[in-house]
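The values are calculated or read from the model by the stated rules, or taken from the named source; none is laboratory data. Keep in mind that this is a model prediction, so the values were computed, not measured. Here the Cβ positions follow ideal geometry from the backbone for every residue, glycine too, while neighbour counts run over all protein chains shown.
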Amino acid sequence: MNGGSLVFDSSVSGNAFTLGGLAASTSGTGYNIALQNNAGTPAAIALTVGGDNANTTYAGVLSAGGSLIKTGTGTWTLSGANSYSGATQVNAGTLSINTVATGATAQSLGKDTASSAVTLGGSGTSGTLLYTGGAGTLDKNIASLGTGTGGASDTIQNSGTGLLTLSGGLVKNGTKLTLNGGANGINVTTTAISGSAANSDLLVTGARRRSPWPQLITVHDGLRRRHAGQRRQ
């Protein structure tokens, strides 16, 4: 976007909209987008972005009650202080974020609400959530759903400058999830990394922490654990 406005028409069935890509160099009037339609009483919309497979950055602010779906093989970077309250799906490719927060605080993934969970991957696809900011805590629930071809893994990667703490629920059912802590680590403080299928692998690379025992990750419900480049448990 480069000025102007984006309006989601209330006549569209299902309030579902698709854009090949979405980019903006800044925030403010003409760049920010409310994820709701133009009805007299606006309804939340679902916005799908990424089908053009390009690498783009959106620095505007996403607000209102709608949800986001990232598709395509490219990397979509969200760098604005977003306040949307719907779910975020990374069905394929990479969603890059530079801020995390807890509660109603604006952040790349929008404020935390009962309906603002993050999902990675889908049927035949895998998704990556890439963090590039400083030390911070993300309290959204995250579910790994990907069944990527060739055993591809959903991934949460910390390429930022500080420790990334995940304090929400972390669920993986019959899927493979990689936690890549990079140089600064990922701290999982949720009660349990849970799942229901015995073929669900957890791979850990980079710096690793599982509170309250440093350098240990515990996986519940009979799941297999693998530490990439080290030993298999």
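What the table shows:
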read-out: One residue from Ala59, Ala81, Ala64 being modelled with pLDDT of 95 or more and either out of contact with any Phe, Trp or Tyr (no Cβ under 9 Å at 6 or more places or on another chain) or basic (Lys, Arg) (or both); value: Ala81
read-out: Region 85-103, residues that are within 15 Å of Ser159 (Cβ to Cβ), in a strand (DSSP E or B) and not hydroxyl-bearing (Ser, Thr, Tyr); value: Leu95, Ile97
read-out: One residue from Ser144, Ser63 being crowded, with 20+ Cβ neighbours inside 10 Å, farther than 27 Å from Leu6 by Cβ and hydroxyl-bearing (Ser, Thr, Tyr); value: Ser144
read-out: Selection status of Asn15, surrounded by 17 or more Cβ atoms within 10 Å (Cβ to Cβ), in contact (Cβ under 8 Å) with a residue 24 or more places away in the chain and more than 28 Å from Thr132 (Cβ to Cβ); value: yes
read-out: Any chance Gly134 is more than 12 Å from the chain's Cα centre (by Cα), modelled with pLDDT of 95 or more and surrounded by fewer than 18 Cβ atoms within 10 Å (Cβ to Cβ); value: yes
read-out: Residues that are on the phi < 0 side of the Ramachandran plot and over 23 Å from the mean Cα position of the chain (by Cα), drawn from region 4-35; value: Ser5, Leu6, Val7, Phe8, Asp9, Ser10, Ser11, Val12, Ser13, Thr29
read-out: Residue ID - farthest from Ala143 (Cα to Cα), chosen from residues in region 172-196 that are in contact with a Ser or Thr (Cβ under 6 Å, 6 or more places away or on another chain) and assigned to a loop (DSSP other than H, G, I, E, B); value: Gly182
read-out: Verdict on Gly133 being part of a loop (DSSP other than H, G, I, E, B) and without any contact (Cβ under 8 Å) to a residue 60 or more places away in the chain; value: yes
read-out: Residue count, region 36-64 (criterion: more than 15 Å from Gly93 (Cα to Cα) and either among the β-branched types (Val, Ile, Thr) or under 17 Å from the mean Cα position of the chain (by Cα) (or both)); value: 9
read-out: Boolean, Gly50 is touching a strand residue (DSSP E or B) at 6+ places or on another chain (Cβ under 8 Å) and either of a type in the set (Gly, Ala, Ser) or at pLDDT 95 or above (or both); value: yes
read-out: Of all residues making up region 47-84, the number that are in contact with a Lys or Arg (Cβ under 7 Å, 6 or more places away or on another chain) and either under 14 Å from Ser108 (Cβ atoms) or assigned to a strand (DSSP E or B) (or both); value: 3
read-out: Looking only at region 118-129, and only at residues there that are touching a Gly at 6+ places or on another chain (Cβ under 9 Å) and within 14 Å of Ile156 (Cβ to Cβ), the one that is surrounded by the fewest Cβ atoms within 10 Å (Cβ to Cβ); value: Thr119
